[in-house]
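The values are calculated or read from the model by the stated rules, or taken from the named source; none is laboratory data. The structure presented is a predicted model; accordingly, all values stated were derived computationally and were not measured. Virtual Cβ from ideal backbone geometry, glycine too; neighbours counted across all protein chains shown.
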Amino acid sequence: LILILDFGSQYSHLIARRVRDASVFCELVAHDISAEKIKTLNPKGLILSGGPASVYENDAPHLSPGVLDLDIPVLGICYGLQEITQTLGGSVVAHEKKEYGYAQLTVSTLGKEALFSDLEDDFSVWMSHGDKIHQLPEGFVDCGTTSNTEHAAVANIERNIYGLQFHPEVTHTKFGTQILSNFVHEICHCVGDWSMKNFIEEATEEIRKMVGDELVIGAVSGGVDSTVAAVLMKKAIGDQFQAVFVNNGVLRKDEDTEVQIRMRDKCGVHLTYVDASEEFLAMLAGVTEPETKRKIIGNTFIEIFEREAKASGAKFLLQGTLYPDVIESVSHKGPSATIKTHHNVGGLPEKMNLKLVEPLRLLFKDEVRTLGLILGIEEDSIYRHPFPGPGLSIRILGEITNERLSVLKEADSIFIHELREAGLYRQIGQAFAVLLPCKAVGVMGDFRTYEEVIALRAVETTDYMTAHWFNLPYDLLQRVSTRIVNEIRGVNRVTYDITSKPPGTIEWE
Ligand code: XMP
């Protein structure tokens with residue numbers, strides 16, 4: 001185990017990714033974790049992350065006393081290095097010239113023996129800092145220099161404490177992954193045997209211990225996280241895990257049967273299917289305001305799920321929480337403004353008095369996908385685009401009626417089918433059709449038409465926080481447009497949304 005002490009850098013989670021890529025397990029913890037607590041966790045090394053503060057400021061975040069005296073190898077990155085410097089009696093000052101971007105690192109003979117073994121003598125690194133080390137603490141020497149600073153890489157080899165002013169975790173630093181790998185393997189002596197297979201063994205063992213012979217209930221939506229979590233539970237405790245799949249009436253075409261076949265027949269999960277589509281659609285009738293739609297869907301879902309949970313007698317609730325959600329609560333990021341209320345099952349566990357099981361809480365999204373593939377879940381399901389909880393209700397702008405719902409289902413299905421045929425589905429972060437709240441005039445044959453308008457949306461994104469509209473080939477757009485207008489009664493116009501996020505959001509509501 002490697003612990004990453006998080007000083008709030010936007011790159012902290014990347015450090016964790018790189019360490020895990022070196023097959024070493026690591027966890028991100030708050031920067032002020034106590035020395036006692038670290039001892040009980042017994043890590044083989046500590047990495048201090050970067051951060052936005054300046055160590056000499058009054059309210060700057062600091063290490064807890066004694067952390068550098070635990071006789072555990074330490075690597076400080078950027079702010080982490082400056083914190084080490086100040087704690088051990090050196091000094092840090094504001095740089096006359098802030099340094100962002102590439103710099104050329106020249107490695108010293110000493111550096112080659114430590115962090116930089118088997119690398120080139122000179123390579124480019126990525127800097128992002130406003131402060132610099134003025135004086136090194138006693139016992140420290142330079143291992144690498146750049147034209148801007150003689151302390152770009154430093155070490156106290158006797159005490160096994162290292163520091164880098166640049167960021168090895170970003171891909172712009174050549175050999176960054178090898179530097180971190182050298183630290184965890186050569187200096188911390190981690191064996192490097194962490195893999196998804198170990199993870200499955202450990203996670204299933206932990207689940208069994210935690211739940212004993214009690215029942216666990218969990219909602220599945222057909223999305224990646226809930227599917228993988230459910231299949232992992234099935235592997236750990238068999239039919240002691242009971243999945244509930246609620247059809248809320250605003251799922252995509254054939255999704256209700258597809259999810260059932262996948263979960264029950266292909267993955268062998270004990271699944272209760274609740275067709276509540278009529279209940280949901282009755283509640284949504286006449287509603288046009290997006291947040292009201294979200295609230296109705298969220299609350300109705302909670303009511304139904306609560307009913308199922310009570311009837312089952314379960315004592316535990318499965319949640320597909322991922323590591324980024326956990327990190328958010330550790331980090332120093334301020335609360336951001338609520339643009340849309342995304343979490344439609346919030347408050348569920350407290351209300352029902354169930355204990356939480358969160359077997360994916362240590363994994364990143366791509367690790368969840370790898371886990372899913374190893375668990376034998378089909379690829380199409382693993383690489384599925386995310387689908388919002390309120391489903392098609394927030395893609396039917398204006399009123400939701402049965403007719404409008406079936407128009408949108410067909411249009412969406414044609415669009416997605418054509419994207420898959422063109423081999424583009426996986427390159428796209430999310431793609432879907434939207435039914436607009438207006439009608440347009442057209443001409444079909446010799447007749448004037450006045451019908452619905454479909455907008456197509458496809459975006460490239462990794463984190464869904466920002467996104468670029470996807471540059472779709474014109475011939476594909478043409479095919480999709482022709483098919484939608486010809487095959488779906490009641491639609492006479494198709495448009496393509498060329499707005500990025502920001503300023504647009506991915507969904508239209
Ligand atoms: P926006 O539209 O905010 O979407 O750019 C970002 C991502 O979140 C999804 N989304 C939702 N997911 N409940 C959900 O579970 C919601 O109410 C909701 N609204 C948006 C959206 O599909 C995209 O992936």
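What to note about this one:
- Index of the failed condition, ALA455 passing every other in (1) within 15 Å of the ligand (Cβ to nearest atom); (2) aliphatic (A, V, I, L, M); (3) farther than 22 Å from GLY398 by Cβ; (4) at pLDDT 95 or above: (3)
- All positions within the stretch 398-426 that are β-branched (Val, Ile, Thr) and either part of a strand (DSSP E or B) or within 16 Å of the ligand (Cβ to nearest atom) (or both): ILE400, ILE416
- Condition met for HIS167 (in contact with a Cys (Cβ under 7 Å, 6 or more places away or on another chain) and assigned to a loop (DSSP other than H, G, I, E, B)): yes
- Residue satisfying all of: in the stretch 274-330; among the basic types (Lys, Arg) and surrounded by 15 or more Cβ atoms within 10 Å (Cβ to Cβ); farthest from the ligand (Cβ to nearest atom) among these: LYS315
- From the options VAL211, VAL269, VAL216, residue that is free of Cβ contacts under 8 Å to residues at least 60 places away in the same chain and under 23 Å from VAL357 (Cα atoms): VAL269
- Any chance ASP32 is without any contact (Cβ under 8 Å) to a residue 40 or more places away in the chain, in the same structural domain as HIS129 (by TED's automatic domain parsing) and within 29 Å of LYS365 (Cα to Cα): yes
- Residue within the stretch 256-265 that is buried (at least 20 other Cβ atoms within 10 Å of the Cβ) and farther than 30 Å from PRO437 by Cα present: yes
- With respect to the conditions (1) in a loop (DSSP other than H, G, I, E, B); (2) within 16 Å of the ligand (Cβ to nearest atom); (3) of a type in the set (D, E, K, R), ARG361 falls short on a single one, namely (2).
- Qualifying strands (runs of 3 or more DSSP E) (wholly inside the stretch 428-509; at least 1 residues being more than 21 Å from LEU405 (Cα to Cα)): 430-444, 447-460
- Residue within the stretch 114-132 that is more than 17 Å from LEU180 (Cβ to Cβ), assigned by TED's automatic domain parsing to the domain that holds GLU36, over 33 Å from the mean Cα position of the chain (by Cα) and in contact (Cβ under 8 Å) with a residue 24 or more places away in the chain present: no
- Test: PHE245 is farther than 24 Å from ARG264 by Cα, of a type in the set (Phe, Trp, Tyr) and at pLDDT 95 or above: no
- Members of the stretch 5-15 that are of a type in the set (A, V, I, L, M, F, W, C) and modelled with pLDDT of 90 or more: LEU5, PHE7, ILE15
- Verdict on PRO473 being within 16 Å of the ligand (Cβ to nearest atom), exposed (fewer than 11 other Cβ atoms within 10 Å of the Cβ) and either closer than 30 Å to HIS13 by Cα or touching a residue at least 12 places away in the same chain (Cβ under 8 Å) (or both): no
- Yes/no for GLY429 being within 16 Å of the ligand (Cβ to nearest atom) and either at pLDDT 95 or above or in contact with a strand residue (DSSP E or B) (Cβ under 7 Å, 6 or more places away or on another chain) (or both): yes
- Screening ASN42 on (1) in contact with a strand residue (DSSP E or B) (Cβ under 6 Å, 6 or more places away or on another chain); (2) over 21 Å from ALA152 (Cα atoms) shows it passes everything except condition (1).
- Test: residue in the stretch 70-81 that is buried (at least 23 other Cβ atoms within 10 Å of the Cβ) and either at pLDDT below 95 or more than 23 Å from ASP142 (Cα to Cα) (or both): no
- Within the stretch 275-294, tally of residues that are farther than 15 Å from GLY249 by Cα and assigned to a helix (DSSP H, G or I): 3
- ARG493 vs. criteria surrounded by fewer than 15 Cβ atoms within 10 Å (Cβ to Cβ), more than 28 Å from GLY223 (Cβ to Cβ) and either among the basic types (Lys, Arg) or within 16 Å of the ligand (Cβ to nearest atom) (or both): no
- Annotation note: of SER481, SER500, the sole residue that is within 13 Å of the ligand (Cβ to nearest atom) and of a type in the set (Ser, Thr, Tyr) is SER500.
Yes or no, residue by residue, for (1) outside the structural domain of PHE245 (by TED's automatic domain parsing); (2) under 26 Å from the mean Cα position of the chain (by Cα); (3) surrounded by fewer than 15 Cβ atoms within 10 Å (Cβ to Cβ):
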residue: MET352; (1), (2), (3): no, no, no
residue: LEU363; (1), (2), (3): no, yes, no
residue: ILE414; (1), (2), (3): yes, no, no
residue: GLU421; (1), (2), (3): yes, no, yes
residue: ILE428; (1), (2), (3): yes, yes, no
residue: VAL434; (1), (2), (3): yes, yes, no
residue: GLY442; (1), (2), (3): yes, no, no
residue: ASP446; (1), (2), (3): yes, no, yes
